[in-house]
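Single-structure report; data block below.
Readers should treat all values here as calculations from the given coordinates under stated rules, not as data from a laboratory. Source: prediction; values computed, not measured. Ideal geometry is used to build each Cβ from the backbone, glycine not excepted, and the neighbour counts take in all protein chains shown.
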Amino acid sequence: MSKTTLTLSSKNYSSWSLRGWLLARFAGLPFEEVMVPADDPNAKAEMLLLAPSILVPCLQHNGIRVWDTLAIAEYLHEVKPKAGLLPADRAARAHCRAICGEMHSGFVSLRSALPMNLKGHFPGFKVWSRAQADIQHVLEIWRSCLDTYGGPWLFGADRGMADAMYAPVVTRLKTYDVRVEDPVCAAYCERVLAMSELQEWTAAAQQEPDEIDELEAEF
C-alpha cells in the first residue's frame, strides 16, 4: 500500500494548506507532509489569490489523489465516517456544507485585505468597509451555528469540516488585531486558537525563514 501524503505550501501564509491539514488531523488519518517551497510560482499564485493551485493542499491516499479543500473534506468523510467531519443529521449536514462552500468561494475582501500571516501582528490595523462586512457575516455564521447546535464547536460537540474551514479566519482576526465583541464568538475564537493542532501548526510557521513581500501588510 502506498504511503499517505499531504502536499502543503507555506505554513505561515497558506490558509488552504492549513485547512487541508486540519481536516486530515481531525479525521485521524496518518500522513506525511510534502512541502512545496513558498517561492514556487503555483504556490505563490494560490496564496496571492491570483490563481487556483492544484498543488496545495493535495492528499494522496491508497493510490487516490485528491486536491481542493472541499473535495479533501468529502473524501475524508467517506474514508473516516466515524470522525464526525460532517454532522450525522441530514439538515445539519446540509447547513455545514453550505457554510463551508461559502468560505470556499466567498469572503474575497476579507481574504485579500487580511492575508494569513501567523508570524505577523498589526495592532490598530485599519479594516476597510468591504472586509469588515465579510467579518461581520462570518461572525453571524458562527453565532448562528453555536446557538443552533449548542457548541462548543460550530456543529456541536465534535470538531469538524466547518471548524477547519473557518480556523484561518480566527488566525486573521488575531494577526490584524480585530476585536470580536460578541462574547460567544470571542470564546469560540479562543477555543480554536487553543487547539493543540493549531498550536503545532503555528509553531512550525514561526520557524519558516521565507517571506513573501506581497503578503506583508504595508502602512
Legend entry - Separation in nanometres of the label points that stand 7 Å from Cα toward Cβ, at residue 104 and residue 140: 2.2
Inset, instruction - Please identify, among 20, 156, 63, the residue showing maximal mean-square fluctuation in a Gaussian network model of the chain using a 10 angstrom Cα cutoff. - result: 63
Legend entry - Cα-based Rg / Dmax (Å) for segment 90-202: 13.5, 42
Inset, instruction - For n ≥ 4 DSSP H runs only, could you compute -39500 (n - 2.57) per run for the chain, divide by its residues and tell me the 222 nm figure to the nearest 500? - result: -16000 deg cm²/dmol
Legend entry - Amide H within-cut-off set for residue 34, under 5 Å, with H built and near neighbours excluded: 6, 7, 8
Inset, instruction - About the Cα centre of the chain, how large is the charge dipole given +1 on each Lys and Arg Cβ and -1 on each Asp and Glu Cβ? Please answer in debye to the nearest 20. - result: 620
Legend entry - Taking N as its residue count, the alpha carbon Rg of the chain over 2.2 N^0.38 Å: 0.97
Legend entry - Cα-projected label distance for residue 88 with residue 132, points at 7 Å along beta-carbon direction, nm: 4.4
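Using a cut-off of 14 Å between beta-carbons, work out the net charge of the residues near residue 25 (Lys and Arg +1, Asp and Glu -1, residue 25 not included). Could you put the intermediate results ahead of the total?
Values: positive: 11, 19, 80, 159; negative: 32, 33, 158, 163, 197, 200.
Around residue 25, the surrounding residues sum to -2.
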Inset, instruction - Would you work out which of 167, 120, 10 lies farthest towards the positive end of the dipole of the chain? Charges go on Cβ: Lys and Arg +1, Asp and Glu -1. - result: 167
Legend entry - GNM flexibility winner over the chain from 22, 173, 154 (Cα, springs under 10 Å): 173
Inset, instruction - Pick out which of 64, 72, 141 has the largest mean-square fluctuation in a Gaussian network model of the chain, springs linking Cα atoms closer than 10 Å. - result: 64
Legend entry - Count of lysine pairs in the chain with Cα separation under 30 Å (8 or more residues apart, or interchain): 15
